[in-house]
Amino acid sequence: MKKKKILITGGAGYIGSHMVSYLKEKGMQPVVFDNLSTGFSDLLTDDIELIEGDLQNINDIKRVFEKYSIDKIMHFAASSIVSESVANPLDYYRNNVLGCINLLNEAIKNSIKHFIFSSTAAVYGEPEKIPIKEDSHLMPSSPYGRSKLMMEYILSDLSRIHGFSYAALRYFNASGAEPNGIIGEKHAKETHLIPLILKTAIGDLEKISIYGNDYPTMDGTCIRDYIHVVDICEAHYLVLKAMESGDPGGVFNLGNNKGYSVKEIIDAAQKITGKEIPSEICERRLGDPAKLIADYEKINRSFGWKPKYNLENIIETAWNFTLKEHEKNVLNRKKEK
Ligand code: UDP
């Protein structure tokens, strides 16, 4: 009989690649499925089996289940940029909803036991109360948030009748990098605040744009709850282990229970990097709520999880990765000459 494996979709992406590395540390051998549209195969070590495939192509998914005996899935493969989803909603529903349904269809045929879904704080929209609890009003303000919420509902319906357990982990702002600096947040088209600030610090960008300074917050800029990617991985692992021991799973927030404004992040990054980081105030970005801060009491109570990394650690590890990537790029450019 084939050995049971865990499938990591989107394992060549930012959070997925950290998850793969985390599971390897725990002695597991995950299989990665990724179309490499936004992921990078060099975020994976050579011993990791990467199946290049797309969730829109059912035959690609079938290939995975034919080759391996998969009994658990962590599903990271998705599009995740709020502004892009506002501009191209159909792409988001196709990739995030249809893609996940295709995956679940094959998973159910193959008697999957556990499914962990990457959800998001974007399912809450503009919250009525801060910090946000899981039973808060669900009113996503973007197609991205709606696509994730739809999948939460679908998972709840399917798990009930097909006998698998699922957890939907609602990440607040995933950030930081593995402390060794080997893997980190890397996107061909970067839109996220911390990597853009650090690219400015290193001189790859002239300045950082602050999207709006007229929000109802203390300095007018948006407040977010930044959570370290390794803390996110630990939460997945704890939830998986609990589900394997019979826990039914559920919906959980993953955040730090602390909020920082865009300006505060820039100030913190200036201190940690020792670099000047020029900024300019720009128009608000579509779909951005003013303030998102997590209440993580539910996952703490259920599985004992709490974040180990604070904002300083987040920026330090992200900066370490930025420096290493910068060095690599400079060397590559020299080689090309
Ligand atoms: N942001 C900004 N300038 C940028 C990128 C982001 O002011 O170049 C702001 C954005 O409006 C939001 C916060 O930083 O309030 C975090 O944005 P990010 O894209 O990192 O994550 P999101 O909250 O959209 O998931």
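The values are calculated or read from the model by the stated rules, or taken from the named source; none is laboratory data. Everything numeric in this text was worked out from a predicted model, so none of it was measured. As a convention, Cβ positions derive from the backbone with ideal geometry for all residues, glycine included, and neighbour counts pool all protein chains shown. Note: areas computed on protein heavy atoms with side chains; ligands, DNA, RNA excluded. Shrake-Rupley method; radii C 1.70, N 1.55, O 1.52, S 1.80 Å.
Counting only residues that are over 20 Å from the mean Cα position of the chain (by Cα) and under 25 Å from E178 (Cα atoms), give me the strands (runs of 3 or more DSSP E) lying completely in the range 1-85 with at least 1 of them.
On the way: elements: 4-9, 31-34, 49-52, 69-75.
Hits in the range 1-85: 4-9, 49-52.
Among (1) within 12 Å of the ligand (Cβ to nearest atom); (2) in contact with a strand residue (DSSP E or B) (Cβ under 7 Å, 6 or more places away or on another chain); (3) among the β-branched types (V, I, T), there is one condition I130 misses while meeting the rest; what is its number?
Exception for I130: condition (1).
Out of everything in the range 107-119 that is free of Cβ contacts under 8 Å to residues at least 60 places away in the same chain and part of a strand (DSSP E or B), what residue ends up being nearest to the ligand (Cβ to nearest atom)?
Out of the qualifying residues, it is F117.
Determine whether F172 is within 11 Å of the ligand (Cβ to nearest atom), of a type in the set (A, V, I, L, M, F, W, C) and modelled with pLDDT of 95 or more. Explain how you work it out, then say what you get.
Values: within 11 Å of the ligand (Cβ to nearest atom): yes; of a type in the set (A, V, I, L, M, F, W, C): yes; modelled with pLDDT of 95 or more: yes.
Spelling it out, F172 is indeed within 11 Å of the ligand (Cβ to nearest atom), of a type in the set (A, V, I, L, M, F, W, C) and modelled with pLDDT of 95 or more.
Within the range 61-70, can one find any residue that is surrounded by 15 or more Cβ atoms within 10 Å (Cβ to Cβ) and among the polar types (S, T, N, Q)?
Within the range 61-70, none of the residues are surrounded by 15 or more Cβ atoms within 10 Å (Cβ to Cβ) and among the polar types (S, T, N, Q).
Answer with yes or no whether T221 is β-branched (V, I, T), surrounded by 22 or more Cβ atoms within 10 Å (Cβ to Cβ) and more than 18 Å from the chain's Cα centre (by Cα).
On the way: β-branched (V, I, T): yes; surrounded by 22 or more Cβ atoms within 10 Å (Cβ to Cβ): yes; more than 18 Å from the chain's Cα centre (by Cα): yes.
Yes.
Look at S111 and say whether it is modelled with pLDDT of 95 or more, of a type in the set (S, T, Y) and open to solvent by less than 30 Å² (accessible area, probe 1.4 Å).
Values: modelled with pLDDT of 95 or more: yes; of a type in the set (S, T, Y): yes; open to solvent by less than 30 Å² (accessible area, probe 1.4 Å): no.
Criteria not met by S111.
Go through the range 71-90 and report how many residues are surrounded by fewer than 21 Cβ atoms within 10 Å (Cβ to Cβ) and under 16 Å from L149 (Cα atoms). Give the derivation first.
Taking the range 71-90 as the starting set, the residues that turn out to be surrounded by fewer than 21 Cβ atoms within 10 Å (Cβ to Cβ) are 71, 79, 81, 83-84, 86-90.
Filter again for under 16 Å from L149 (Cα atoms), leaving 79, 81, 86, 89-90.
Qualifying residue count, the range 71-90: 5.
For the range 264-287, check the following and say yes or no: at least one residue is away from the ligand (no atom under 16 Å from the Cβ), aliphatic (A, V, I, L, M) and surrounded by fewer than 20 Cβ atoms within 10 Å (Cβ to Cβ). Spell out how you get there, then give the answer.
First, the residues of the range 264-287 that are away from the ligand (no atom under 16 Å from the Cβ): 271-276.
Then keep just the ones that are aliphatic (A, V, I, L, M); that gives 272.
Subsequent filtering for residues that are surrounded by fewer than 20 Cβ atoms within 10 Å (Cβ to Cβ) retains 272.
Checking the range 264-287: at least one residue is away from the ligand (no atom under 16 Å from the Cβ), aliphatic (A, V, I, L, M) and surrounded by fewer than 20 Cβ atoms within 10 Å (Cβ to Cβ).
Can you tell me which residue in the range 140-164 is farthest from the ligand (Cβ to nearest atom), limited to those that are among the small types (G, A, S) and surrounded by 22 or more Cβ atoms within 10 Å (Cβ to Cβ)?
Pass one, the range 140-164, residues among the small types (G, A, S): 141-142, 145, 147, 156, 159, 163.
Filter once more, keeping what is surrounded by 22 or more Cβ atoms within 10 Å (Cβ to Cβ): 142, 145, 147.
Numbers: S142: 9, G145: 10, S147: 14 Å.
Taking the candidates together, the pick is S147.
Applying the selection to the range 294-337, what residues are without any contact (Cβ under 8 Å) to a residue 60 or more places away in the chain and in contact with a strand residue (DSSP E or B) (Cβ under 6 Å, 6 or more places away or on another chain)? Walk me through how you get there before you give the answer.
Looking only at the range 294-337, we keep the residues that are without any contact (Cβ under 8 Å) to a residue 60 or more places away in the chain, and these are 296, 300-301, 306, 310, 312, 316, 327-337.
Correct list: Y296 only.
Among the numbered criteria (1) surrounded by fewer than 22 Cβ atoms within 10 Å (Cβ to Cβ); (2) under 30 Å from F164 (Cα atoms), which single criterion is violated by G212?
Every condition holds for G212 apart from (2).
Could you tell me which of the residues I194, I202, I223 is within 11 Å of the ligand (Cβ to nearest atom), in contact (Cβ under 8 Å) with a residue 24 or more places away in the chain and more than 30 Å from I73 (Cβ to Cβ)? Before the answer, list the steps.
Working: I194 fails: more than 30 Å from I73 (Cβ to Cβ); I202 fails: within 11 Å of the ligand (Cβ to nearest atom).
Only one candidate qualifies: I223.
Inside the range 120-139, can you point out the residues that are open to solvent by less than 20 Å² (accessible area, probe 1.4 Å) and part of a loop (DSSP other than H, G, I, E, B)?
The answer is Y124, G125.
Per-residue answers, yes or no, for (1) without any contact (Cβ under 8 Å) to a residue 60 or more places away in the chain; (2) in contact with a helix residue (DSSP H, G or I) (Cβ under 6 Å, 6 or more places away or on another chain); (3) crowded, with 24+ Cβ neighbours inside 10 Å; (4) charged (D, E, K, R):
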site: L7; (1), (2), (3), (4): no, no, yes, no
site: A12; (1), (2), (3), (4): yes, yes, yes, no
site: S21; (1), (2), (3), (4): no, no, no, no
site: Q29; (1), (2), (3), (4): yes, no, no, no
site: L36; (1), (2), (3), (4): yes, no, no, no
site: F40; (1), (2), (3), (4): no, no, no, no
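Identify the residue in the range 288-332 that is within 16 Å of the ligand (Cβ to nearest atom) and aliphatic (A, V, I, L, M) and, among all such residues, is farthest from E206 (Cα to Cα).
A294
Being free of Cβ contacts under 8 Å to residues at least 40 places away in the same chain and more than 28 Å from N105 (Cα to Cα) is the filter here, so list the residues in the range 136-179 that pass it.
Across the range 136-179, the qualifying residues are S136, H137.
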